[in-house]
Amino acid sequence: MEQVSVAQRTPVRESEVAPLNLGNCLSIALPKGRLLQPSLDALAEAGLQVPSMDEIDRRLIYTTGDGSMRFILARPADVPAYVEHGAADLGITGKDALLEGDWGVCELVDLGFGRCRLVVAALQGAIAPDGCGSEGAVCKLPLPRSGHTLRVATKFPAIARRHFAPKRDLCVEIIKLNGAVEIAPIAGLSDVIVDIVDTGRTLADNGLVPIEEVAQLSARLIANRASLKLKSTVIHQIASALCDRSRSI
Ligand code: PRP
């Protein structure tokens with residue numbers, strides 16, 4: 001797929017969602033929200049013509065003036081679906097979205113931005129005070145009384161289930177929420193949460209403390225498997241530029 005220009009700038013078209021010759025177009029799914037600006041910065045530094053944040057409004061698809069590139073703005077958790085099913089050749093999303101789903105995509109590059117942690121957190125006063133063995137963190141869980149279940153609220157049920165699976169002495173109930181997870185222990189919905197911590201402010205402001213790390217996260221470049229073969233030159237060119245950039249972050 002050599003027709004895609006990665007260096008020449010042409011204006012990003014205002015609003016058309018024109019039918020495209022997908023054989024000559026590279027489509028990239030981008031994450032709405034806090035990863036969007038650094039994603040655009042990274043792609044621009046890699047030589048792609050990307051819409052500026054000023055150009056981005058409520059529209060969810062942006063096409064370059066020469067029709068060679070299309071950007072799809074999706075929720076980070078949905079980016080892998082666009083890529084897996086070929087609606088996008090490439091995508092950028094957080095590692096959390098990749099860990100949560102069983103996606104048939106290729107993870108190409110750790111982009112080095114959007115670094116944060118996925119943790120188990122509990123209300124400060126709920127933490128078991130003692131008895132931490134060498135594995136410490138496990139024993140810090142607010143262990144449920146005998147016969148009771150540890151309730152875990154999270155946006156990431158699959159990750160949480162995998163995390164707690166080895167703790168065979170613990171009976172766990174996963175409660176799926178869609179956001180504002182920190183409220184769950186305060187409201188009595190759960191004993192702990194599994195959620196993302198960036199600055200730590202949301203946890204602290206809600207009286208929660210991290211007690212176990214589940215995973216370290218960052219933004220990743222992913223590719224559709226067929227696109228990787230059909231558009232290998234341009235995709236490897238982009239991946240290589242982004243890889244070089246991430247090493248300098
Ligand atoms: C994420 C995460 C935490 C918060 C952590 O939520 O789920 O709530 O950010 O950030 P901090 O450590 O910098 O405070 P997000 O802002 O994506 O909103 P949501 O809870 O509605 O999903």
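The values are calculated or read from the model by the stated rules, or taken from the named source; none is laboratory data. These figures come from a predicted structure and were not determined experimentally. When we count neighbours, we look across all protein chains shown, and the Cβ atoms used for this are built from the backbone with ideal geometry, even at glycine. Note: areas computed on protein heavy atoms with side chains; ligands, DNA, RNA excluded. Shrake-Rupley method; radii C 1.70, N 1.55, O 1.52, S 1.80 Å.
Observations
- Cβ-derived FRET efficiency at R0 41 Å, L230 paired with A180, nearest 0.05: 0.50
- Calculated FRET efficiency for the pair H85/E213, C-beta based, R₀ 45 Å, to 0.05: 0.90
- Taking Lys and Arg as +1 and Asp and Glu as -1, the other residues whose beta-carbon sits under 12 Å from that of I28 total +1.
- Ranking by accessible area, most exposed first, for H148, H85, H163 with a 1.4 Å probe: H85, H148, H163
- Computed from backbone phi, the HN-Hα couplings of the range 204-217 come to 4, 5, 10, x, 9, 10, x, 10, 8, 8, 9, 6, 9, 10 Hz, rounded to whole numbers (Karplus: 6.51 cos²θ - 1.76 cosθ + 1.60, θ = phi - 60°; Gly and Pro given as x).
- F164 accessible area, assembled protein chains, probe 1.4 Å, Å²: 10
- A crude spin-label estimate for the pair L60 and N24, with each label 7 Å from Cα along the Cβ direction, gives 2.8 nm.
- Paramagnetic label zone (point 7 Å from Cα along Cα-to-C-beta, T199; backbone N under 19 Å) in the range 79-114: 113-114
- Ranking by accessible area, most exposed first, for K95, K155 with a 1.4 Å probe: K155, K95
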